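The values are calculated or read from the model by the stated rules, or taken from the named source; none is laboratory data. What you see is a predicted model; the values in this text were computed from it and never measured. Cβ placement follows ideal geometry from the backbone for every residue including glycine, while neighbour counts extend to all protein chains displayed.
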Amino acid sequence: MTRFRITRRAALLGATGAVTTFAIGGRAFGQAAPVVFGALPPLSGAGGPYGPAMLRAIQGVVEEANAAGGIRGRPIRVVAEDDQTNPDAGVRGARKLIDVDRVTALMGTWASAVTTAVAPLCWENRIPLFTVSGADSITLLPHQGFIFRTQPNSRLQIATGADFLIRQGARRIFHLAAQSPFAQSSQEVLTEKFRAVQGGAVAGYIVYERDKTAFRSEVDQVLRARVDTVFLNGYLPDVTILLRELFRAGFEGRRFTPAYAVNQTTFQTLPNEVTNGVMTWQPSPDVNSGAFRRLQTRFGNVEVDPYSAQTHDHATLAILAAAQAGDASGVAIRDHVRRIASGSGEVVDNVTDGLRLINAGRAVNFDGASGPLDFDERGDIQGTKFRYERAENGRFVLMEIT
Amino acid sequence: MEDWRDLAQVLVNGLMTGSILMLPAIGFSCIFAVLRYPNFAVAGFATVGAFAGWVANVQWGMPVGLALLAAFLVAGAVGLAAEEAALKPLRPAGPLTVAIASVALTLLLENAVRFVFANDLRGYDLPVLRDWRFEGIRINPQQAMNVGYAALAAGALFALLAFTRLGRAMRAVADNPQLADIKGVDPDRIARVAVFLGAGLAGFGGMLVGLDTSIDPLTGFRVILSVFAAAVVGGLGSIPGAALGALVVGVGEELASVLLSPAYRTVTAFLAILLVLTVRPEGLLGRRG
Amino acid sequence: MEAYLAAMLVFAGIYALMALGLNVIWGLTGMVNLGLVGFFAVGAYASALLTKYWLWPMPLGWAAAGLAAALAGAVMAVIVARLRGDYLAIVTLGFAEVVRLVAANEVWLTNGTDGISGIPGPWRGAVSPQEFNLIFLGLVWTAVLVAFVLLARLSHAPFGRVLRAVREDEEVAAVAGKPVLWFKVRAFCLGAAVLGVAGALYAHYNAYIAPEGFAPLLTIYIVLALTAGGVGAMRGAVLGALLLLLLLEGTRFVAQEIPGVTPVQKAALREAIIAVSLILLLRFRPQGLIPERTRTRATP
């Protein structure tokens, strides 16, 4: 019964979110034309389990910014379209947002294929695209600075994850990867890292079809390889099945997985004895950063998944950049993101404080819920910290932040 | 594959996978046998059943066995209602029109479920049990139970078809609708029963899928290609064929993930179809014509 | 707004080409093809690879796309020619999934799930994005016009009449001395070629293709479009594609206005409206908006 209560709360939260998007704007803003941002999260299809929370995080930031006076007196409006986790639908949605709603920033694309399909539209129309997609190829596109990716590229992410596992004592590892743009590059990094330690080896590597419902034979191969660690490089639906199957098979080794593949939903679908001990990692701000905590509170004290943390930051970056520029055009936002995201300005972790300081003419450095957000020239984040957590009795316990 | 145990393990895994595909495949074939059109909405029925079972099990606290019954009844009722409201009026336009409409219907059902339950993954209230081991071959009690549930449901259907008046009437309509009509069997009534049973079995199977995974609006969609493969391999309209086809596809998929690559499971299902159809265009147990 | 309309009309044109291709295979010959997105993908990949890595000129790439898809169609037709309609539906559905999985896994050829980006487009970059839109709009609808005229003439020519005969009763056609298999293979090739060219145009317009773009949903949409427009009539195929796009895009604006529901519920409502409209259309216009004129279809 407790399970239902949680989901009901989540549903209520969603409902209030939806109602308030219609309520914001208007009040207190007189005649100023609103600034319009576009959100393109997956609300159906394979990304469906992630998109709604991602959108809620964006709407939360916009509400907060409007309560704080908007962008130099102009209210902010978010228009959302469902990308259906499909590049074709994503492109049509993006066209509508760009050409009809005249958005000056797009945010919250999830699937790498959707992001890559939508990206040319963004740079041709000179508006920035904030994304959580992991494929390394995305920031290598000729995007003229219009792409900002808050997800660390997969090589960086896997390399730090591998270092952590080796520190934990892992030597023989099995890599179970969902078919995705970063399966192959993950495998290369893992092989390199484990070959470099005494007795280390990637003892097995399997790429599986993501939308299958049984992975028994795959788990048999993990058991047969006699490894001390299995790396589940997948997404929520398939990793949930794999965790259950590994538990049934009596696998006793370490289980390591990206934080987006095991979250609050996993605790609701699997008993604690199955999830206990699963280790996750994700890009993270400093331990004492307020942004992550605030977002947790806003989500009703449930665990925040990494994608929502990132879209929270997308919206904040776009708003603060526009406020800093005094101009909400796409080019102005692109040119001012780095100025408010890094540098020697006063560190802020939320949109209200950021807007207040910018309005007072002070320099700010926004550190978000997903990390310190320092972008390199290609639009990739750099110098981010990673947060390692272990599941214990339906909660995540912080292990370390490095 | 080093020794016989590995092979035996793959066969056991295939049996598990196959038994889960079996009921939706039987449901699909059951509707086809009587109504002569492929009802692609079985994916939707499976999802509806999985969610009905979830409500019964998690929200109302019913044990899994009863929840499976709820899944069967609700999916059957939804299937029947959809057939009467949306598909039946299209029958005069030909079986293909009905089949195409059933594709739209499955989109509708998926999104009806999404509207009510959103996209969150959900799990049943069920302990996760450790595997039994026999000579190093692992069998999970829950999965063994699932095979049992599937066998029970399939067995009940066989008994119904073999030993009851209703079953005989259904077989008569499936064999020859005109002749059955002459004999005084009401084909409309039989059609309704077939749709209810078919959709219900798909829903039952959908919940079995959910017991082993977690459910969301795409649950039915994920298994549907393998389900179709099973029905075609067995011979469309043949109910024992669908059961056999499900096992063939299940074992084939698990074998493929060991011998070929797990990324090519679906490809194997397709190759299985082609192979069987090249030798027997009417499927393993299907009838000619 | 103009840019949006132009872009959507480009999409409509591509869908119309797909519906026309499907109409040759399904409408005229009566072979159900639920694998059309597979042929579409073969064409898209062929042209993208040839023009991007082998630097072929674009028109040659498009021709090659048609050819590659036709070849795939020929193989498919030979394999499935003996199968009954309902078996055919499922086998072709499986074929499209195989194409998608091969594209996702054979990284050496297709770049895997990363997809192929930076596919050239006619004068892309040299003209403004909106000019590019308009150029492509002209290109796509020219292709639709050419395909339409050719296929419409063909369908009334002796070739088309034989195809219809095959559709209505294969055995009668065979008894009348028509080589049924040969006609089926040719029809399948022709339809697949049109689908392949549509795929190529899609690739060059979006500049990017990936396996995820070739999911069964697109097949479903096109099949529904053709059914709604009228199976067998070439005008029906084009009209159906326009109607499909109107539904896909129009529902966005309708869903936007529905108060008191969450974004996910809006997304669900939007897709549900599309499904219900198509079911209603089939209910009240079972032969589609433009029924085939030459001959009424026998009801079985």
All positions within the stretch A:61-118 that are in a helix (DSSP H, G or I), of a type in the set (D, E, K, R) and surrounded by 24 or more Cβ atoms within 10 Å (Cβ to Cβ): A:D88, A:R95
Checked against (1) part of a loop (DSSP other than H, G, I, E, B); (2) under 26 Å from C:A96 (Cα atoms); (3) free of Cβ contacts under 8 Å to residues at least 12 places away in the same chain, B:P217 satisfies every condition except (3)
Six or more apart or on different chains, Cβ under 7 Å: which pairs go from a residue in the stretch A:88-116 that's over 20 Å from A:Y50 (Cβ atoms) to one that's of a type in the set (D, E, K, R) and buried (at least 24 other Cβ atoms within 10 Å of the Cβ)? Could you list them? A:K96/A:E81
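Yes/no per residue for (1) over 30 Å from B:D3 (Cα atoms); (2) in contact with a Pro (Cβ under 9 Å, 6 or more places away or on another chain); (3) not in a helix (DSSP H, G or I):
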{"site": "A:V227", "(1), (2), (3)": "no, no, yes"}
{"site": "A:I241", "(1), (2), (3)": "no, no, no"}
{"site": "A:G250", "(1), (2), (3)": "no, no, yes"}
{"site": "A:Y260", "(1), (2), (3)": "yes, yes, no"}
{"site": "A:G277", "(1), (2), (3)": "yes, no, yes"}
For C:A228, state whether it is assigned to a helix (DSSP H, G or I) and touching a residue at least 40 places away in the same chain (Cβ under 8 Å). yes
Matching entry among B:F40, B:F51, B:F45 (being in a loop (DSSP other than H, G, I, E, B) and either touching an Asp or Glu at 6+ places or on another chain (Cβ under 7 Å) or more than 30 Å from A:L223 (Cα to Cα) (or both)): B:F40
Being among the β-branched types (V, I, T), at the interface with chain C (Cβ under 7 Å from one of its Cβ atoms), surrounded by 24 or more Cβ atoms within 10 Å (Cβ to Cβ) and farther than 13 Å from B:A43 by Cα is the filter here; which residues of the stretch B:92-118 pass it? B:I100
Assuming B:D120 fulfils every condition listed in (1) in contact (Cβ under 8 Å) with a residue 60 or more places away in the chain; (2) not in a loop (DSSP other than H, G, I, E, B) apart from one, which condition is it? (2)
The stretch C:232-282: number of residues that are of a type in the set (G, A, S), without any contact (Cβ under 8 Å) to a residue 12 or more places away in the chain and either under 21 Å from A:V100 (Cα atoms) or not in a helix (DSSP H, G or I) (or both): 2
Looking for something in a helix (DSSP H, G or I), at pLDDT 95 or above and within 22 Å of the chain's Cα centre (by Cα) - is there at least one such residue anywhere in the stretch A:19-38? no
Within the stretch C:79-111, how many residues are touching a residue at least 40 places away in the same chain (Cβ under 8 Å), within 11 Å of chain B (Cβ to nearest Cβ) and over 14 Å from C:V32 (Cβ atoms)? 6
Return the pair list, or none, for Cβ contacts closer than 6 Å from residues in the stretch B:195-207 that are over 11 Å from B:A71 (Cβ atoms) to residues that are surrounded by fewer than 24 Cβ atoms within 10 Å (Cβ to Cβ) and at pLDDT 95 or above, at least 6 apart or on different chains. B:V195/B:L80; B:F196/B:L80
Considering residues that are more than 17 Å from A:D376 (Cβ to Cβ), more than 8 Å from chain C (Cβ to nearest Cβ) and not hydrophobic (A, V, I, L, M, F, W, C), the number found within the stretch A:94-149 is 7
Residue in the stretch A:277-290 that is within 14 Å of chain B (Cβ to nearest Cβ), closer than 21 Å to A:A39 by Cβ and not aliphatic (A, V, I, L, M) present: no
For the stretch C:30-57, which positions are buried (at least 24 other Cβ atoms within 10 Å of the Cβ) and in a loop (DSSP other than H, G, I, E, B)? C:M31, C:V32, C:N33, C:L34, C:G35
Any chance the stretch B:150-160 includes a residue that's within 10 Å of chain A (Cβ to nearest Cβ), within 29 Å of A:T265 (Cβ to Cβ) and either at pLDDT 95 or above or crowded, with 23+ Cβ neighbours inside 10 Å (or both)? no
